[in-house]
Amino acid sequence: DFDAILRSGEVQFGTHLDVTSYAEGVRETHNPVGRALPAVVWDFYQNGCSLRLLNPQAFSTTVWHLLSILQEYFGSMAGANTYLTPPGTQGFAPHYDDIEAFVLQLEGKKHWRVYSPRTDTEVLPQFSSANLTQAELGKPVLEVVLEAGDLLYFPRGFIHQGDCLPDAHSLHITVSSYQRNSWGDLLEKLLPAALQMALEEDVEYRQGLPMGYLEYMGVANSDAADARRTAFVEKLQRLMKKLVDYAPIDAAVDQRAKSFLHDCLPPVLTQSEKQLSVYGFPAQWQDGSPRNVDILITKDTEVRLLHHGIIRLCNEEAGVMLYYTTENSRVYHKEEPKYLEIDPEYTDSIEFLLSSYPNHVTVDTLPCGTLDDKISLATLLFEKGILTTKKPLVQV
């Protein structure tokens, strides 16, 4: 598969493929400019370099399918890299990552050493580490040789390094999840929104700071016993506690969900799902004119969401937006977020479809104002690949 991907002509050094080495404590990248031609890539490998294929889901339907299942399960972006390492070499320095990592050994063998976080500040880190040296590591908590079919998991913050044994190459895929998906990341969205709402609705947040506060506040005055300092700190603490009352928690979660939907891979469809959705609709040019173009949805048509988690309703300043994943690219963030602006009268119907999944409902049961509205909404969502029908709309 790796060789076939190189021959597809789409792989570029740096963008899709990294050539790396690690020897005598030094980690190096050897990426030329331009297309990763097989002759060049395999020459690097033959000379002891490791190959890291970034975003293999863009090239491999199998990886795409695996990640699409995991992103739905975790409710968080799932990514992957594939690593091919020559016998007797190591491609990367010891380091820890900002992801939950699952290493699946595909071919050959690899020797892994895993180390606990060195300090409390490195437990579940927000960001990955720089390259570490052997001198900075203690004893590994796990040392193991993975063989084809083995799976190794290490949480965020666990330092790891892998090297190949002299008698075997290694091909493995690292699947990642839960990047920037912590309580702190949610609060980064929530606190500014809460403060903005408090400023708009509570005059106490708009009152001026006390005159002369610079004279008794600040690090230089932190040890001073001063009643004005005590009053200042107590006022700030009270204002911060009041922020909880203004926190738009659900709106902040919706904004994180909107961001997640942009991260998502498009859903992978079974043959049956294709036949029952717009992706299998048999519209074609035949005998001098188009055939089977009309999407004939009626009040009795039974519909449901294509997959769980492919849409999110968000109330925004511009209106009610329905974000969806069905038109996303398999290349991470290649496209802008996909959304439809929805008439507020349709929100109950969207919520009804969400709550009904995985059961089918007839179009007539959608809580819209008129039958025309029900059919219009169902047709729009079907055309965007969001809805599937219980039976094919056109018998071929």
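The values are calculated or read from the model by the stated rules, or taken from the named source; none is laboratory data. For clarity, every value in this text was computed on a predicted model and none was experimentally measured. Here the Cβ positions follow ideal geometry from the backbone for every residue, glycine too, while neighbour counts run over all protein chains shown. Protein only, heavy atoms only, side chains kept; ligands, DNA and RNA dropped before computing areas. Shrake-Rupley method; radii C 1.70, N 1.55, O 1.52, S 1.80 Å.
Some observations on this one:
- Selection of first residues in the stretch 130-143 that are touching a residue at least 12 places away in the same chain (Cβ under 8 Å) and of second residues that are open to solvent by 70 Å² or more (accessible area, probe 1.4 Å) and in a loop (DSSP other than H, G, I, E, B), restricted to Cβ pairs under 8 Å at least 6 apart or on distinct chains, gives the following pairs, ordered by first then second residue: 136/118; 138/118.
- Restricting the stretch 149-179 to residues that are surrounded by fewer than 17 Cβ atoms within 10 Å (Cβ to Cβ) and hydrophobic (A, V, I, L, M, F, W, C), the residue that is farthest from residue 85 (Cα to Cα): 151
- Scanning the stretch 3-48 for residues that are assigned to a helix (DSSP H, G or I), under 28 Å from the mean Cα position of the chain (by Cα) and crowded, with 21+ Cβ neighbours inside 10 Å gives a single hit, 6.
- Pairs where the first residue, in the stretch 153-166, is touching a residue at least 12 places away in the same chain (Cβ under 8 Å) and in a loop (DSSP other than H, G, I, E, B) and the second is of a type in the set (S, T, N, Q) and surrounded by fewer than 21 Cβ atoms within 10 Å (Cβ to Cβ), C-beta under 6 Å, 6+ apart: 164/89
- The number of residues in the stretch 282-299 being open to solvent by less than 40 Å² (accessible area, probe 1.4 Å) and either without any contact (Cβ under 8 Å) to a residue 24 or more places away in the chain or touching a Phe, Trp or Tyr at 6+ places or on another chain (Cβ under 9 Å) (or both) comes to 3.
- Flag for residue 184 being touching a residue at least 12 places away in the same chain (Cβ under 8 Å), exposed (fewer than 15 other Cβ atoms within 10 Å of the Cβ) and part of a helix (DSSP H, G or I): yes
- Some residue of the stretch 332-342 being assigned to a helix (DSSP H, G or I) and not assigned by the TED database to the domain that holds residue 53: no
- Any hit, the stretch 83-100, residues being over 12 Å from residue 158 (Cβ atoms) and open to solvent by 70 Å² or more (accessible area, probe 1.4 Å): no
- Residue satisfying condition, being touching a strand residue (DSSP E or B) at 6+ places or on another chain (Cβ under 6 Å) and either open to solvent by 20 Å² or more (accessible area, probe 1.4 Å) or under 24 Å from residue 264 (Cβ atoms) (or both), within set 106, 70: 106
- Residue among 394, 363 that is more than 21 Å from the chain's Cα centre (by Cα) and not assigned by the TED database to the domain that holds residue 260: 394
- All of (1) touching a residue at least 60 places away in the same chain (Cβ under 8 Å); (2) closer than 23 Å to residue 391 by Cβ hold for residue 349 with one exception: (1).
- When 126, 196 are screened for being closer than 30 Å to residue 260 by Cβ and part of a loop (DSSP other than H, G, I, E, B), only 126 passes.
- Taking the stretch 49-108 as the range and being in a helix (DSSP H, G or I) and of a type outside the set (S, T, N, Q) as the test, the residues that pass are 56, 58, 63, 64, 65, 66, 67, 69, 70, 72, 73, 74.
- Test: residue in the stretch 131-148 that is open to solvent by less than 80 Å² (accessible area, probe 1.4 Å), of a type in the set (Lys, Arg) and on the phi < 0 side of the Ramachandran plot: no
- The set of residues from the stretch 199-224 being part of a helix (DSSP H, G or I), open to solvent by 100 Å² or more (accessible area, probe 1.4 Å) and more than 15 Å from residue 244 (Cβ to Cβ) comprises 200, 206, 214, 215, 219, 220.
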